[in-house]
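So the structure is just underneath, and the comments pick up after that.
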Amino acid sequence: MSDIEANNSETTPEEIVDSIRSIADEGTAEAIHEAIDAAQDAPADDALNLDIAPEGEAEPTPSVDDAVISPASWAEPAAPAGENRPEEPAAPDAAEEIPPVRNLRPLWITLCSVGGALVLLCGLLCWFVFGYSRVYPGVSVMGTKFSGLNAAEIQVRLNELNDSAFNGKSVTVSCRGESLSVSTEELKMEYDTADVTEKLLAYGRSGSFFGRVKAIFSAWRKGYNIDLSSAYDDALLRARLTGLADKIFTAVRQPSHTLSRDSVTVTAGSPGYALDVDAAMADIARRINDGNFTPAEISPAVTEPNAPDAEALYTAVYLAPVNARVKASSPTDYTVISHTDGRDFDKEAAVPALAELGYGESAALPLRTLPAEVRYEHLAGREFFTDILSSVTTTFNVNEKNRTVNVSLAAKWCNGLVLMPGDEFSFNNAVGPRTAARGFKSAAIFAGGEVVDGLGGGICQVSSTIYMAALKAELGITNRRTHRFIVAYTPVGQDATVVYGSIDFKFKNSAAEPVFMSSVINGGKLTVTLYGTSAYTGEGVRTVELETKIHSTTKYTTKYTTVETMAPGTKKVTQAGKNGYTCEVFRVVKIDGVEVSREKVNNSSYSPCTEQIKQGPPLPTQAAPSPSPTPTPQPAAPTATPEPTATPEPTATPEPTATPELTAAPAA
């Protein structure tokens, strides 16, 4: 057993490596070099290295390296110098002479030395790979050498490493003038060494033989380091950082303004600051793992305020002037509401002034007054609504309960409205959404070329009645559309359909004085009266009439549908037929019955509405009627009869039963 094997518990890895190197360097390498030198001295053309002198020449004296050993010399060693040698036998004849043999003894000695050294080297290497139980040379932890240590010594060295890394140190951070310091003792900080011993002793001890040798010599030459992660009380550190975050938190302040009588003062905003606790935790963890315990400055997250915006400020400060107006509950009960002057500032001049403001700085901008055009003193003490500008009455069937509810609701929302000069009336704005929550019911409407039930059915009678009243009061119509089919409650061409959100009826008070709208229900009659101050100052009775001129008529068709469940030979009209028309409507002004002006106010077009008839099967002795359309004659549309302006309703337009009108799908 070699000394290394005998004393492996006392031999360090460095001594083993040195031993292996000395054997290789001093024994094996020297012997190999000697063998190579001996081989180089031999003649190249004689594999047995036989030196035979030619006849007549003396045999060369062999050198030490070229010694020739005769068979006799193999059996008996040469006599020492000075002793008497026995007489040598005579040299044999040339024909019987034995060739000299080269002495191979040094070569065999060299080869045996090399072989022994290699065997020893392999043995040592195998022992070092499979029998060595300590940490291999070059292996370290966090830069500290652990070579040659056993398990107990590793733990001692790890404890020393923990002490040197963390004892007496602290985590110190600061942010915006506030600081936080927590000692490593409070944080219970140490390296996570749970499996370090196993890793150290496992290095170079897995895989194939050559893989292990490669790993061992790689660590010896280049080193192999195991990094450790730090373990500490994460919850405590987070709680301390959260406290620091609460101290430095500052909410962002956006630009603001305050109004005084003569100016608006604008204050620029200031940034907000917040500590990102998660980001700070990650940064501290990196510093701890790097062994860096120097105080750290943490940059907070900054939220910049919006820059003062002259356009947004103008929108906030601008106040439109409000004219004085009349509020009334009836033509005789009204009051004057005072005006309100508006305000603004020079927006162009404000832009550079606001751009120069720093955080929290203020600037005062002078306000300008925008005077109202109609002031209280213009209206106070005056009389209004002294004249009836127009009045129109249409009728409806009170037995159609749901439709009556809808007409009454729409009339109520329009009653009592006052339009100042230039104001525009919007039916949809006045009446609002037609929803069940607001009391509207489902009644007949036109939709898809048929009569169907729809929420708010019937309110077009109110919009159409107001349309006729506005035409007769000579006010400006700004938006109006016809129904798809004619309706029975107005003469042809004098209706106005509405659909909330898409189709509206509008007119503007183009008169010089306020207009009051009265919209009331009395039994089965709807009366719309517009009150104001008449501009007519002449003598005689002035009346305004509406006349319709029919240009074309399209007869409706009839569609029969056989229903097997009906009694044979019976019929039922489910939808009345209506002719289609194209027409013009004129406003005719008369004084004392004499026409003084005629003005076209609209062109209208209506589609024919198919008559729908359901019938039972034909009687056994009766042939089924032809399914082809059968035109039904219908009298020409009536023309409104003139009426004096003081008469509240026309005499030519009322009909006993209202026909459903389109509210959801009017004609294009």
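The values are calculated or read from the model by the stated rules, or taken from the named source; none is laboratory data. Since the model is a prediction, treat every value here as computed from it, not as a measurement. Note that we place each Cβ from the backbone using ideal geometry, even for glycine, and neighbour counts take in every protein chain shown. For accessibility, only protein heavy atoms count, side chains too; no ligands or nucleic acids. Shrake-Rupley method; radii C 1.70, N 1.55, O 1.52, S 1.80 Å.
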#### Entry: Gain on full stretching of the segment that runs from THR303 to ARG205 - 0.36 nm per residue minus C-alpha separation
29.6 nm
### Task
Take the Cβ-Cβ distance between VAL252 and ARG286 as r, set R0 to 35 Å, and report the resulting FRET efficiency rounded to the nearest 0.05.
0.75
### Query
Size of the dipole of region 109-248 about the Cα centre, Lys and Arg at +1 and Asp and Glu at -1 on the beta carbon, nothing else charged, in debye to 20?
680
### Query
Which residues in region 112-135 have a backbone N closer than 17 Å to a point placed 7 Å from the Cα of LYS222 along the Cα-to-Cβ line?
none
### Query
Which of the peptides 132-140, 107-115, 541-549 is most tightly packed, and how do the rest follow, going by the mean number of other Cβ atoms within 10 Å of each residue?
132-140, 541-549, 107-115
### Task
Using only C-alpha atoms and all pairs of different ones, pull out the Kirkwood radius for region 381-465 in Å with one decimal.
14.6
### Task
Rank by packing, highest mean first: peptides 291-299, 602-610, with packing defined as the count of other Cβ atoms within 10 Å averaged across residues.
602-610, 291-299
### Task
Check cross-link reach from LYS222 to the lysines: straight Cα distance under 22 Å, and skip same-chain residues fewer than eight apart.
LYS145, LYS199, LYS214
### Query
When the Cα centres of region 404-444 and region 225-268 are compared, how far apart do they sit, in Å?
54
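Please work out the average accessible area per residue across region 184-340, using the 1.4 Å probe convention, and give it in Å². Display every interim value, and only then the final one.
Values: 9170 Å² over 157 residues.
Counting only protein heavy atoms, the per-residue value for region 184-340 is 58 Å².
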## Note on the structure
Distance in nm between ILE591 and THR553 label points, each 7 Å along Cα→Cβ, equals 3.7
### Message
Net charge around ALA372, counting only other residues with Cβ within less than 12 Å of its Cβ (Lys, Arg = +1; Asp, Glu = -1)?
### Response
0
### Pair CYS126, ALA353: separation of 7 Å Cα→Cβ label points (nm)
10.0
### Task
Round to a whole angstrom and tell me the spacing of the C-alpha centers of region 356-387 and region 103-119.
121
### Message
What number do you get for region 491-531 when its Cα radius of gyration is normalised by 2.2 N^0.38 Å, N = residues?
### Response
1.47
### Task
Can you tell me the FRET efficiency between GLU474 and ALA436 if r is taken as the Cβ-Cβ distance and R0 is 35 Å, rounded to the nearest 0.05?
0.35
### Query
Using the beta-carbon distance between THR565 and VAL541 and R0 = 51 Å, what value does 1/(1 + (r/R0)^6) give for FRET efficiency, to the nearest 0.05?
0.25
### Whole-angstrom Cα spans of region 128-265 along principal axes, big to small
98, 30, 21
